[in-house]
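See structure below.
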Amino acid sequence: MRTAVFPGSFDPITSAHLDVARRAADLYDRLVIGVLSNPRKDPLFSAEERVDLIRACVSDLGSRVSVEAFDGLTVEFAAAHSAAWIIRGLRAVSDFEAELQMAHTNRRLAPAVDTVFLMSALEHGYVSSTLAREIARYGGDVSLLVPEPVIGPLKERLRPDRPM
Ligand code: PNS
């Protein structure tokens, strides 16, 4: 069985992430989307919430795609699922340097695990979780940036009058 993992912060999952996940799911027998539960930044959504949002976005893909939170190294997460590939999306040249460093580091840590890059669809080239959060914070339309199941929770979480 050919298994790949798709790790990320997904705070929240964007349309760009989802496009990469769907295309990766077509390439492998099994795709495990891994939500880093302990990102350096203070996340807007808890790991459990991010997992639930992603599950709502990939529910039509069936049991080939699973979603779970993880803590620790991506290569350990890959090993725990017997995955030989790490999927990452590339939006623009600006992503490349950090991704190259990460891919080389992961390859040194786990030589049998390869990183596979999928180019983001052209229409998602500018999309990021950071931008989605910022637009939502100012009441803008996030429907082009995040999948449908994320729109409501994102708006609600950043509602200006929401009690802290
Ligand atoms: O969505 P992001 O924030 O770009 O994802 C980054 C992520 C989660 C893939 C990366 O930070 C990661 O792999 N973290 C787990 C810790 C780890 O394995 N670090 C070494 C990789 S260089």
Being on the phi > 0 side of the Ramachandran plot and surrounded by fewer than 13 Cβ atoms within 10 Å (Cβ to Cβ) narrows it down to one residue among G152, G139; which is it? G139
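Could you list, in sequence order, the residues of segment 1-32 that are out of contact with any Lys or Arg (no Cβ under 9 Å at 6 or more places or on another chain), within 11 Å of the ligand (Cβ to nearest atom) and not in a helix (DSSP H, G or I)? Quick ask: steps written out before the conclusion?
Within segment 1-32, the first condition is being out of contact with any Lys or Arg (no Cβ under 9 Å at 6 or more places or on another chain), and the residues that meet it are 5, 14-15, 17-19, 21-24, 26, 32.
Restricting the remaining residues to those that are within 11 Å of the ligand (Cβ to nearest atom) gives 5, 14, 17.
Hits for segment 1-32 are V5, T14.
Regarding segment 103-118, can at least one residue be identified that is touching a Pro at 6+ places or on another chain (Cβ under 8 Å) and not in a helix (DSSP H, G or I)? First the steps, then the outcome.
Start the filter on segment 103-118 by keeping residues that are touching a Pro at 6+ places or on another chain (Cβ under 8 Å), which leaves none.
Looking through segment 103-118, none of the residues is touching a Pro at 6+ places or on another chain (Cβ under 8 Å) and not in a helix (DSSP H, G or I).
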Could you tell me whether any residue of segment 134-154 is within 16 Å of the ligand (Cβ to nearest atom), within 18 Å of the chain's Cα centre (by Cα) and either over 27 Å from A56 (Cβ atoms) or aromatic (F, W, Y) (or both)? no
Output the residue which, of all residues in segment 98-123 that are more than 18 Å from the chain's Cα centre (by Cα) and of a type in the set (V, I, T), is nearest to the ligand (Cβ to nearest atom). T105
Evaluation of P153 against (1) part of a loop (DSSP other than H, G, I, E, B); (2) at pLDDT 95 or above; (3) farther than 30 Å from F96 by Cα; (4) not aliphatic (A, V, I, L, M) (one fails), failing number: (1)
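Out of all the residues in segment 36-51, which are buried (at least 16 other Cβ atoms within 10 Å of the Cβ) and assigned to a loop (DSSP other than H, G, I, E, B)? Show your work before the answer.
Filtering segment 36-51 down to residues buried (at least 16 other Cβ atoms within 10 Å of the Cβ) leaves 36-37, 43-45, 47, 49-51.
Matches in segment 36-51: S37, P43, L44, F45.
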Could you check segment 98-130 and list, in sequence order, the residues that are exposed (fewer than 15 other Cβ atoms within 10 Å of the Cβ) and closer than 16 Å to P12 by Cα? Y126, T130
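This table checks each residue for (1) polar (S, T, N, Q); (2) in contact (Cβ under 8 Å) with a residue 60 or more places away in the chain; (3) touching a strand residue (DSSP E or B) at 6+ places or on another chain (Cβ under 6 Å).
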{"position": "A110", "(1), (2), (3)": "no, no, no"}
{"position": "T115", "(1), (2), (3)": "yes, no, yes"}
{"position": "M119", "(1), (2), (3)": "no, no, yes"}
{"position": "H124", "(1), (2), (3)": "no, yes, no"}
{"position": "A136", "(1), (2), (3)": "no, no, no"}
{"position": "D141", "(1), (2), (3)": "no, no, no"}
{"position": "P147", "(1), (2), (3)": "no, yes, no"}
{"position": "V150", "(1), (2), (3)": "no, yes, no"}
{"position": "L154", "(1), (2), (3)": "no, yes, no"}
Any residue in segment 89-97 that is within 14 Å of the ligand (Cβ to nearest atom) and either in a strand (DSSP E or B) or crowded, with 21+ Cβ neighbours inside 10 Å (or both)? yes
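Test A84 against the criterion of being touching a residue at least 60 places away in the same chain (Cβ under 8 Å), among the aliphatic types (A, V, I, L, M), on the phi < 0 side of the Ramachandran plot and more than 14 Å from the ligand (Cβ to nearest atom), and give yes or no. Walk me through it before giving the result.
Values: touching a residue at least 60 places away in the same chain (Cβ under 8 Å): yes; among the aliphatic types (A, V, I, L, M): yes; on the phi < 0 side of the Ramachandran plot: yes; more than 14 Å from the ligand (Cβ to nearest atom): yes.
Yes; evaluated as a whole, the condition is true for this residue.
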Scan segment 52-71 and give yes if some residue there is outside any helix (DSSP H, G or I), acidic (D, E), exposed (fewer than 14 other Cβ atoms within 10 Å of the Cβ) and more than 13 Å from the ligand (Cβ to nearest atom), otherwise no. no
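The values are calculated or read from the model by the stated rules, or taken from the named source; none is laboratory data. Not measured: the values here are computed from a predicted model. All Cβ positions, glycine included, derive from the backbone under ideal geometry; neighbour counts span all protein chains shown.
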